[in-house]
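Below you'll find the structure, written out as structure tokens, and then a few comments.
The values are calculated or read from the model by the stated rules, or taken from the named source; none is laboratory data. Quick caveat, the model's predicted, so the values are computed rather than measured. Don't worry about glycine lacking a Cβ; one is built from the backbone with ideal geometry, like all the others, and counts go over all protein chains shown. Ligands, DNA and RNA are excluded from the accessible area calculation, which covers all protein heavy atoms including side chains. Shrake-Rupley method; radii C 1.70, N 1.55, O 1.52, S 1.80 Å.
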Amino acid sequence: HLGSMESALKEIQASSDIEEQRKSFSALSDSFYKSIKAFGLGGGTAYYEYCPMAFNNEGAYWLSDAEQIGNPYFGDKMLSCGSVKEKLK
């Protein structure tokens, strides 16, 4: 999982295009979620959240430390779009 996360982080840092950064963020979120499922959080809580409209209605997930939705794929345009799919501990 670490290699995938490092690759996604490098892509985010290397790009100034917000859409490319969002694609890399999606890949980072997927790898991070798999890592949490495999190893746990060590006592913390995270929320696995989903926006069905991201990437032209293909949908995308992200992790958050808050249950309240703060959609990273649409920013201020649709900040509260999405739902919590899983509470991780």
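Mind checking which residues of region 9-43 are crowded, with 17+ Cβ neighbours inside 10 Å, farther than 20 Å from ASP65 by Cα and free of Cβ contacts under 8 Å to residues at least 24 places away in the same chain?
Result: GLN21, single match.
Within region 44-58, how many residues turn out to be open to solvent by 20 Å² or more (accessible area, probe 1.4 Å) and closer than 13 Å to LYS23 by Cβ?
3
On the basis of being at pLDDT 95 or above and open to solvent by 50 Å² or more (accessible area, probe 1.4 Å), does LYS85 make the cut?
yes
Confirm whether ILE69 is of a type in the set (A, V, I, L, M, F, W, C), under 12 Å from the mean Cα position of the chain (by Cα) and open to solvent by less than 60 Å² (accessible area, probe 1.4 Å).
Taking the combined requirement at face value, the residue satisfies it.
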